[in-house]
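Engineer: So that we are looking at the same thing, I have put the structure below in structure tokens.
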Amino acid sequence: MRRLASQTRLPHTIQHLSRSPLSIPSLKLPSIRKMTTNSQSEESITSLEVRRSGILLHPTSLPGPYGIGDVGPASIKFLDWMHEAGQTLWQFLPLNPHGHAGTPYAVPSAMAASPAMIALEPLLDVGLLKPEDVKELTQLNQEKVDYNNLTPLKRKALRLARDRFRSGEVQHEQLGQWKEKMEEYVKSQGKEWLEDFALFMAISEDTKKCWVEWPAELRNRSADALDKARQAYADAIDEHYFNQFLFAEQWKATREKAANLNIKLVGDIPIFVAYDSADVWANQKLFKLNAEGRQTVQAGVPPDYFSATGQLWGNPMYDWKACAEENYKWWALRFRRTLALADIVRIDHFRGFQAAWEVPITDKTAQGGKWVEGAGDKVFKSVNEQLKKKIPIIAEDLGLITKEVTDLREGLQFPGMRVLQFAWDSPNSEHLPHNVPYPGTVIYTGTHDNDTVRGFAEKATPEQRRFLRDYLGRSTTPSVAPGEKRKRGEGDADVSASSDREKDEAKEIIETASWDMIRLAISSTAYTSIVQLQDVLDLGSEARMNTPATAEGNWAWRLKSQEALTSESASKLKHLVNTYGRASASEQPEKK
């Protein structure tokens with residue numbers, strides 16, 4: 001059987017569970033709409049309980065002249081194309097500052113946004129930057145994000161813009177408004193997360209050490225030491241304030257554009273955070289650390305069919321009792337921050353809320369770990385109460401999921417996920433459209449951890465290709481069930497000719513697989529279908545976003561140009577959306 005490999009993210013290691021398309025009996029449940037209660041907000045219902053179609057694409061992959069996609073003009077143009085294509089969901093990866101090699105899943109802050117995605121055009125328009133200031137960025141590889149060179153060059157440009165902004169040497173009507181808005185932004189966000197994040201980054205960049213190696217008074221967050229550090233690093237702190245403000249302003253315009261086009265934004269929360277992060281440093285009591293702030297245990301995966309020794313992830317484990325004593329205040333803040341950037345939240349590794357594999361930090365393998373119970377539904381109930389709304393959530397529940405995890409997800413009425421690329425080993429696969437367990441499911445052609453559909457089809461076995469062809473009703477030769485072999489004997493010549501035809505037909509499926517799977521996803525009974533933009537463009541493995549269990553060469557793919565988003569592809573998507581009842585609410589005909 002085909003394995004979905006676990007994710008390894010370095011240096012702050014965070015991985016997904018081993019995920020396999022092993023068959024699990026489908027559950028035929030009533031739709032979420034029938035299970036809703038009067039306590040649910042209309043927003044939570046309309047976000048996930050109407051037939052919608054969307055695109056999975058991280059903003060870094062958008063085209064643009066400065067080495068990386070942005071949350072300004074590039075995002076606005078993409079939303080226009082999505083609207084033309086009849087799409088009403090844009091799903092992206094975490095928008096936090098990227099970590100090693102560009103990863104958005106092992107980051108220095110789960111609250112802050114990525115300065116790398118700030119658009120530079122608005123800064124050029126108001127005079128804070130000049131064309132010569134960004135010339136080096138225009139010379140970077142425009143088809144792949146070169147994080148090693150991009151990061152310092154983008155930082156240099158943003159620092160120059162900040163210096164001119166603070167010096168007052170540039171006169172522009174808009175800059176006066178920015179100063180007032182920035183003061184309001186820092187005041188509103190400062191005590192909650194911004195002050196800790198900016199100070200953490202300033203000290204980290206200066207010392208180039210993990211926070212646990214800082215002087216004891218800073219590591220332990222002595223009030224006097226923090227006050228002195230804020231004074232010493234005032235300039236660096238202000239730089240981070242400026243960058244976070246710019247991102248917030250640009251993303252605000254993007255959110256307004258999306259709302260005007262009836263497009264919902266789907267954000268992403270990985271359950272675990274990086275050890276070397278502002279989150280852990282500022283909230284040490286919420287994690288299982290010793291008196292010196294060092295980890296005593298780490299998250300991982302137990303030994304299984306795929307790994308005899310299991311997997312070590314390196315992430316700190318939550319002290320759920322301590323979280324409960326604070327009424328999950330930090331979690332409420334985390335969801336509040338994500339909802340400032342998105343309308344719907346996908347939770348990566350949802351099963352960790354039911355139980356997670358805890359391994360002593362000194363162990364060399366995960367064999368000596370144990371399952372430790374999570375917070376269950378308590379954290380979500382508390383967060384909903386604090387935010388005064390039921391948060392629309394998609395639970396990532398891929399892989400071998402226990403009954404307890406399924407019960408937790410269903411009790412919370414969160415839709416789970418299905419991935420078409422995992423479907424072609426058995427007619428009983430839970431990932432096949434006819435086995436979608438209930439309408440609340442979100443069905444994908446592939447996630448960011450998958451190959452593109454074309455790449456998958458090129459690497460698939462002949463049996464998997466034939467099954468896909470059979471499923472699509474294109475068979476011209478007698479079908480053989482996956483895993484079975486055609487019996488040979490009398491009529492061997494006919495069997496051989498038939499086998500040759502099947503091989504040719506199986507190869508032909510590669511040319512149509514991308515749009516075949518897009519059609520299958522959009523036509524399914526799942527309320528929500530989401531496809532990778534790479535599949536819309538019928539791109540191969542060269543456009544893959546991430547290869548699990550590898551630390552380099554990921555998160556870099558970009559669209560070559562805006563022209564790649566053609567009206568032809570938008571029209572094809574729009575036709576499928578209309579055909580299978582996924583037109584946006586404003587465009588759906590009124591029921592009589």
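The values are calculated or read from the model by the stated rules, or taken from the named source; none is laboratory data. Model, not experiment: these values are computed from the prediction. Every residue, glycine as well, gets a Cβ built from its backbone with ideal geometry; the counts of neighbours run over all protein chains shown.
Engineer: Given the conditions (1) free of Cβ contacts under 8 Å to residues at least 24 places away in the same chain; (2) closer than 18 Å to Lys390 by Cα; (3) among the small types (Gly, Ala, Ser), and given that Ala342 satisfies all but one, which numbered condition is not satisfied?
Structural biologist: (1)
Engineer: Still on this structure, I have one more. Looking only at the stretch 152-178, count every residue that is β-branched (Val, Ile, Thr) and under 25 Å from Ala202 (Cα atoms) and tell me the total.
Structural biologist: Within the stretch 152-178, the first condition is being β-branched (Val, Ile, Thr), and the residues that meet it are 170.
Right, trim to under 25 Å from Ala202 (Cα atoms) and you get none.
Summing the residues that are β-branched (Val, Ile, Thr) and under 25 Å from Ala202 (Cα atoms) in the stretch 152-178 gives 0.
Engineer: Exactly one condition in (1) touching a strand residue (DSSP E or B) at 6+ places or on another chain (Cβ under 8 Å); (2) surrounded by fewer than 20 Cβ atoms within 10 Å (Cβ to Cβ); (3) modelled with pLDDT under 95 is not met by Glu404; state its number.
Structural biologist: Result: Glu404 passes all but (3).
Engineer: Also, quick follow-up: Take Ala513 and decide whether it is at pLDDT 65 or above and not in a loop (DSSP other than H, G, I, E, B). Before the answer, list the steps.
Structural biologist: Working: at pLDDT 65 or above: yes; not in a loop (DSSP other than H, G, I, E, B): yes.
The answer is yes for Ala513.
Engineer: A further question on this structure: Inspect the stretch 111-123 for any residue being at pLDDT below 95, surrounded by fewer than 21 Cβ atoms within 10 Å (Cβ to Cβ) and in a helix (DSSP H, G or I) and give the result as yes or no. Write out each step before concluding.
Structural biologist: Applying the first criterion (at pLDDT below 95) to the stretch 111-123 yields none.
Checked against the condition, which is being at pLDDT below 95, surrounded by fewer than 21 Cβ atoms within 10 Å (Cβ to Cβ) and in a helix (DSSP H, G or I), the stretch 111-123 yields no hits at all.
Engineer: Looking only at residues in the stretch 359-390 that are among the β-branched types (Val, Ile, Thr) and touching a helix residue (DSSP H, G or I) at 6+ places or on another chain (Cβ under 6 Å), which one is farthest from Arg337 (Cα to Cα)?
Structural biologist: Let us first name the residues in the stretch 359-390 that are among the β-branched types (Val, Ile, Thr), namely 359, 361-362, 365, 372, 379, 383.
Next, from what is left, pick out any that are touching a helix residue (DSSP H, G or I) at 6+ places or on another chain (Cβ under 6 Å): 379, 383.
Working: Val379: 16, Val383: 12 Å.
Applying the filter and picking the extreme gives Val379.
Engineer: Answer with yes or no whether Ala355 is in contact with an Asp or Glu (Cβ under 8 Å, 6 or more places away or on another chain) and touching a residue at least 60 places away in the same chain (Cβ under 8 Å). Even if it seems obvious, please write down each step before you answer.
Structural biologist: On the way: in contact with an Asp or Glu (Cβ under 8 Å, 6 or more places away or on another chain): yes; touching a residue at least 60 places away in the same chain (Cβ under 8 Å): no.
No: the conditions fail for Ala355.
Engineer: Would the stretch 88-101 turn up any residue that is more than 26 Å from Pro270 (Cα to Cα) and either in a helix (DSSP H, G or I) or not basic (Lys, Arg) (or both)?
Structural biologist: Taking the stretch 88-101 first, the residues more than 26 Å from Pro270 (Cα to Cα) are none.
The answer is no; no qualifying residue exists.
Engineer: Can you give me the number of residues within the stretch 554-592 that are outside any loop (DSSP other than H, G, I, E, B) and either touching a strand residue (DSSP E or B) at 6+ places or on another chain (Cβ under 6 Å) or at pLDDT 95 or above (or both)?
Structural biologist: Adding up the residues that qualify gives 14.
Engineer: Return only the number of the condition from (1) on the phi > 0 side of the Ramachandran plot; (2) free of Cβ contacts under 8 Å to residues at least 60 places away in the same chain that Val379 does not satisfy.
Structural biologist: (1)
Engineer: Within the bounds of the stretch 363-373, is there any residue that is crowded, with 22+ Cβ neighbours inside 10 Å and within 24 Å of the chain's Cα centre (by Cα)?
Structural biologist: At the first step, the residues of the stretch 363-373 found to be crowded, with 22+ Cβ neighbours inside 10 Å are 366, 369.
Still in the list and also within 24 Å of the chain's Cα centre (by Cα): none.
Within the stretch 363-373 (the criterion being crowded, with 22+ Cβ neighbours inside 10 Å and within 24 Å of the chain's Cα centre (by Cα)), the answer is no, since none of the residues qualifies.
Engineer: Next up: Using the structure shown, decide if Arg294 is of a type in the set (Lys, Arg), without any contact (Cβ under 8 Å) to a residue 40 or more places away in the chain, surrounded by fewer than 23 Cβ atoms within 10 Å (Cβ to Cβ) and out of contact with any His (no Cβ under 7 Å at 6 or more places or on another chain). Walk me through how you get there before you give the answer.
Structural biologist: On the way: of a type in the set (Lys, Arg): yes; without any contact (Cβ under 8 Å) to a residue 40 or more places away in the chain: no; surrounded by fewer than 23 Cβ atoms within 10 Å (Cβ to Cβ): yes; out of contact with any His (no Cβ under 7 Å at 6 or more places or on another chain): yes.
Judged against the criteria, Arg294 is not a match.
Engineer: Which of the following residues is surrounded by 22 or more Cβ atoms within 10 Å (Cβ to Cβ) and closer than 28 Å to Ala112 by Cβ: Arg336, Arg346?
Structural biologist: Values: Arg336 fails: surrounded by 22 or more Cβ atoms within 10 Å (Cβ to Cβ).
Result: Arg346 is the single residue among Arg336, Arg346 that is surrounded by 22 or more Cβ atoms within 10 Å (Cβ to Cβ) and closer than 28 Å to Ala112 by Cβ.
Engineer: Here's something else I'd like to know. Confirm whether Asp319 is touching a helix residue (DSSP H, G or I) at 6+ places or on another chain (Cβ under 7 Å) and surrounded by fewer than 21 Cβ atoms within 10 Å (Cβ to Cβ). Can you show your working first?
Structural biologist: Details: touching a helix residue (DSSP H, G or I) at 6+ places or on another chain (Cβ under 7 Å): yes; surrounded by fewer than 21 Cβ atoms within 10 Å (Cβ to Cβ): yes.
So Asp319 passes the test.
Yes or no, residue by residue, for (1) under 31 Å from the mean Cα position of the chain (by Cα); (2) of a type outside the set (A, V, I, L, M, F, W, C):
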position: His172; (1), (2): no, yes
position: Glu192; (1), (2): yes, yes
position: Ala223; (1), (2): no, no
position: Leu246; (1), (2): yes, no
position: Trp251; (1), (2): yes, no
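Engineer: Continuing with the same structure: With respect to Glu542, determine if the residue is modelled with pLDDT of 95 or more and not polar (S, T, N, Q). Steps first, answer last, please.
Structural biologist: Working: modelled with pLDDT of 95 or more: yes; not polar (S, T, N, Q): yes.
Judged against the criteria, Glu542 is a match.
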